[in-house]
Structures are given as C-alpha cells and as structure tokens.
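Would you mind keeping the following structure in view while I ask a few things?
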Amino acid sequence: MMKDLRTFSKNNILVSPSVLAADFAALGEELTKVEQGGAELIHLDVMDGHFVPNLTIGPALIASLRKKSNLLFDVHLMITDPLKKIDAFAKAGADHITFHIESDDDPVETVNAIHAAGLTAGITLKPGTPASALKPVIHLVDMVLIMTVEPGFGGQSFMADQVAKAPEIRKMLAEAGSSAHIEADGGVNSENAVILAEAGVNILVAGTSVFRHPQGAKFAIDGLHDEAKYLPR
Ligand code: DX5
Ligand code: ZN
C-alpha cells in the first residue's frame, strides 16, 4: 500500500530519518529500527555528483528497500536533471519526490510529471536561494522543503538563519490557497526542532541526530515528535 503524504495531519510532527547517517551495510534493519521507533517517513537522499559533489543512492537500492519497509518513502533528489528520472524513482517505490528549484528542469513540468506518476511532489531550495524563487510552482506542490544546511553531506551544522523562510513560505502557500506540508532538512535535532515547530515546520528530516543518538533512534524520534506542542494552532 502506497502512503499518501496529503492524508497526514499538519497538527503533528512527522519524522523522516535520513538514511545518510544509517549503516549502509544494514540498511534494511536500519529502516525497520526507525519504523518501529515511530518514524512516519524515511528520507532517501539521492545525489548525482554534479548538482552536489557527493554521490549516494539510486532507484535500484530504493527498490530493494521498498520490500523491507512500509514507511513513506520521502525521496530528496539533489540532481541536475530530475525530470527524466521521475519514472525510475516512481517504479522503484518512491511515495514522494522533492526536487530542487535550482535544477535545470522546468519546475512546473517536473511537478506535473511527479503527480502524473501518482506521487506527491515537493520543491526545495538551497540556503542561498530566496523563498520568492518558489513563486512559479509553490501553488502546485504538496510539500516545501527548507534546506537548513548546504545540500551534499550529512552531519553538518544547522543554519538557524534559514528558519525565517518558514513563515514566508506559509504565507506564500496561504495566498495560493494551499496548506502544503513544510519540511526542514539538515542538522535538525531535538534542540533546534523547537524553533522549527514554532515557525510552522511540521516534517523534520534528521539523519545524525536519529541514527547516531546515544540513547537510540526511538528516543530521538520520540523527542522530535514531542515538539508538536510548539506548532502554531
Ligand atoms: C544533506 C541531506 C540531508 C542530510 C541530513 O544534503 O539532504 O538529508 O543527510 O542529515 P543530518 O541530519 O545528519 O544533517
Ligand atoms: Zn535530504
């Protein structure tokens, strides 16, 4: 059964652990661990060595993980040409695809292709890109992802100056008649989750702070879920 992001309440925090911080030799077990720990999504970071300097995973690995997990597959494409890869990721079992506004492809065409493949669509922006750059496409997306690190690597420090984009994006969404989810990604942990929730971010991507938490993944996920009390009502 495919999971549909649009059916999740925005009054709760959803947790999307990033596989970049997981043990790649035991990825199936790592997904089971966070699923049993209460995570709703799993964040799959795809990098092409071109849009960002790093190389990570592709559709083949995602297809084999699909057989092991019922989590909502939250695919974050850090690639130059997302459009021609949509079908491959849809076939592999992605439930949701987020791509970068800085990529080469037309954003409206790309969102339409994601929807045509039966998935929900997200748009994201690098820290240096203003929220206003999302204008041409924001009314069409199911999620906006705010990058709180420079995309490319896990384990970086949270950029607090990016949090101000959340109310700005919420306002743009409201003006477009949309109540899309807002996700944040990069250096997220139980401390900065408070200001993210207060700013209206309801999906938290967390790699290092979940998979490498000294008290275990479940403890970390519970802590992130607890920040739902700070969401604007
Ligand atoms: C960065 C990735 C993030 C990152 C998150 O390019 O998009 O998803 O892996 O990992 P942490 O939480 O360790 O910053
Ligand atoms: Zn990511």
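Matching residues to (1) modelled with pLDDT under 95; (2) of a type in the set (Phe, Trp, Tyr); (3) under 27 Å from residue 224 (Cβ atoms); (4) out of contact with any Ser or Thr (no Cβ under 9 Å at 6 or more places or on another chain):
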residue	(1), (2), (3), (4)
19	no, no, yes, no
36	no, no, yes, yes
73	no, yes, yes, yes
81	no, no, no, no
86	no, no, no, no
103	no, no, no, no
111	no, no, no, yes
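Could I ask something else about it? Hey, among 35, 29, which residue is more than 16 Å from ligand 2 (Cβ to nearest atom), surrounded by fewer than 16 Cβ atoms within 10 Å (Cβ to Cβ) and more than 25 Å from residue 140 (Cα to Cα)?
29
Residue-by-condition table, conditions (1) under 17 Å from the mean Cα position of the chain (by Cα); (2) in a loop (DSSP other than H, G, I, E, B); (3) under 25 Å from residue 202 (Cα atoms):
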residue	(1), (2), (3)
70	yes, yes, yes
75	yes, no, yes
80	no, yes, no
104	no, yes, no
118	no, yes, yes
121	yes, no, yes
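How many residues are touching a Leu at 6+ places or on another chain (Cβ under 6 Å) and closer than 16 Å to residue 223 by Cβ when one looks only at the range 163-189?
Count: 2.
Which is of a type in the set (A, V, I, L, M, F, W, C), in a helix (DSSP H, G or I), more than 16 Å from ligand 2 (Cβ to nearest atom) and touching a Pro at 6+ places or on another chain (Cβ under 8 Å), of 195, 221?
On the way: 195 fails: touching a Pro at 6+ places or on another chain (Cβ under 8 Å).
Only one candidate qualifies: 221.
The values are calculated or read from the model by the stated rules, or taken from the named source; none is laboratory data. Since we're looking at a predicted model, the values are computed, not measured. Please note: Cβ atoms are built from the backbone with ideal geometry, for glycine as well, and neighbour counts cover all protein chains shown.
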